[in-house]
Structures are given as C-alpha cells and as structure tokens.
Amino acid sequence: ADEFLVSATSSSGSAVSIAGNGTGCVGSGLSSASITIISGVTTCSITFNQAGNSNYSAASQQTRTVTVSKATQSITVTAPPPVSAVNGSSFYVEASATSGNAVTIAASGGCSGAGFNAADITMTSNSVTCSIAYSQAGNSNYSAAQAVVTTTQALSDIDSDGVADSNDNCVAQSNPDQ
C-alpha cells in the first residue's frame, strides 16, 4: 500500500486533527498524519479539524480529496529464450512483473508451452518462428502491463537428430554424436 504524509497548522497554534476517510484511505494524527492508500482506484477524503480552546473559536472543517489511480507495472523477461532452436528441442523462459503479480506466458507459432512466471517451451517446427508472449492483466491496484513478445528462429533439422542442418555433417542421416 502507498503512503503519504500530510500536515496542517492553525493560526491559534492549537493542534489540528487529521483523518483519512472513505474506502480509499486510512490514517489519522494531530497536526501531521501518515495516510495509507488501501484501494486501487478511488478517492481519499482527508478532513482537518481544529476544535478551538478558551481563547479561540473552532476553525471551519477543511476537507481535501485525493484521487487514487491504479499503479503502473512492467514486465521483465529474466530468462529469455535462445535466438534459435531446432525442432523438438526445449528451453526454459521466465518473467516477472514489477507489481509482483503472476506473468502469463504463452507460446505460439513454431513452438508450444505456457505457464505463469516460468514455462518450458518446445519447438514444434523446422521453419516457423516461435513467438512467446508475456502478459500481466492487472488487478484492482495495478493497470495491465504492456505485453512483451520474444521470438526464437526455427532451425531446420531434417533428420531430427537435434543438430541444425546448417551444422549437420550428414543432413539425410540422424547422427547426433557428430
């Protein structure tokens, strides 16, 4: 939860009572208060009262309203995919959001795999590029993050030995130990 400090003084020198009201914030104090935002999108009303004393009349109540918006977030790919991979090979990807919310990972194109925060991706094509989308939809406190997409180029492996054709000494015969 976000927090901010407010303070107030009176011309009489007497303490001012401060209170955060409503569904969006809480907090109170005399002459200063720490106000905590407890909801994502709302308004927070803060009231200021000075009761007066034997020498001064009570001051008029003052109210200030703060509009609270959803916080922004971003996605970081912490374990990126390889630049290229052969059909049938697998690799691990991982991502996180600055909000701490789970990142949805979904593969498409020349690969398959999905997960939250991490995923094992398997290449399913010799020629179609693998696209991996990372997204975080947001919640009551955070806006949706801008999606991130990474790609892995499919490498042809005609004999399915796990060696890309460009590095294979015999493209027509499986020989993974070359």
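Give the residue, chosen from Ser28, Ser57, Ser11, that is touching a strand residue (DSSP E or B) at 6+ places or on another chain (Cβ under 9 Å) and of a type in the set (Ser, Thr, Tyr).
Among Ser28, Ser57, Ser11, only Ser28 is touching a strand residue (DSSP E or B) at 6+ places or on another chain (Cβ under 9 Å) and of a type in the set (Ser, Thr, Tyr).
Which residues, taken from segment 1-21, are open to solvent by 70 Å² or more (accessible area, probe 1.4 Å) and either of a type in the set (A, V, I, L, M, F, W, C) or assigned to a strand (DSSP E or B) (or both)?
Matches in segment 1-21: Ala1, Glu3, Leu5, Ser7.
Would you be able to say whether some residue in segment 155-175 is out of contact with any Gly (no Cβ under 7 Å at 6 or more places or on another chain), under 30 Å from Thr42 (Cα atoms), surrounded by fewer than 14 Cβ atoms within 10 Å (Cβ to Cβ) and not charged (D, E, K, R)?
no
Looking at (1) within 30 Å of Ala144 (Cα to Cα); (2) surrounded by fewer than 17 Cβ atoms within 10 Å (Cβ to Cβ), which is the one condition that is false for Ala51?
Going through the list (1) within 30 Å of Ala144 (Cα to Cα); (2) surrounded by fewer than 17 Cβ atoms within 10 Å (Cβ to Cβ), Ala51 breaks only (1).
Which strands (runs of 3 or more DSSP E) sit wholly inside segment 22-130 and have at least 3 residues that are not aliphatic (A, V, I, L, M)?
Ranges flagged: 32-37, 42-49, 62-68, 90-97, 104-109.
Go through (1) in contact with a strand residue (DSSP E or B) (Cβ under 8 Å, 6 or more places away or on another chain); (2) closer than 30 Å to Thr98 by Cβ; (3) open to solvent by less than 80 Å² (accessible area, probe 1.4 Å) for Ala137 and report which single condition fails.
It is condition (3) that Ala137 fails.
Any idea which residue in segment 77-99 is least open to solvent (accessible area, probe 1.4 Å), counting only those that are β-branched (Val, Ile, Thr) and without any contact (Cβ under 8 Å) to a residue 60 or more places away in the chain?
Residue satisfying both the conditions and the ranking: Val93.
Could you grab the pairs with beta carbons closer than 9 Å, sequence gap of 6+ or different chains, first residue in segment 138-156 and closer than 17 Å to Ile105 by Cα, second one hydrophobic (A, V, I, L, M, F, W, C) and modelled with pLDDT under 90?
none
Of the residues that sit in segment 61-76 and are open to solvent by less than 50 Å² (accessible area, probe 1.4 Å) and modelled with pLDDT of 95 or more, which one is nearest to the chain's Cα centre (by Cα)?
The extreme case among them is Gln73.
Might you check whether a residue that is out of contact with any Gly (no Cβ under 9 Å at 6 or more places or on another chain), surrounded by fewer than 19 Cβ atoms within 10 Å (Cβ to Cβ) and not hydroxyl-bearing (Ser, Thr, Tyr) occurs anywhere in segment 119-132?
Among the residues of segment 119-132, not one is out of contact with any Gly (no Cβ under 9 Å at 6 or more places or on another chain), surrounded by fewer than 19 Cβ atoms within 10 Å (Cβ to Cβ) and not hydroxyl-bearing (Ser, Thr, Tyr), which makes the answer no.
The values are calculated or read from the model by the stated rules, or taken from the named source; none is laboratory data. Not measured: the values here are computed from a predicted model. Please note: Cβ atoms are built from the backbone with ideal geometry, for glycine as well, and neighbour counts cover all protein chains shown. What goes into the accessible areas is simple: the full protein's heavy atoms, side chains included, and nothing from ligands, DNA or RNA. Shrake-Rupley method; radii C 1.70, N 1.55, O 1.52, S 1.80 Å.
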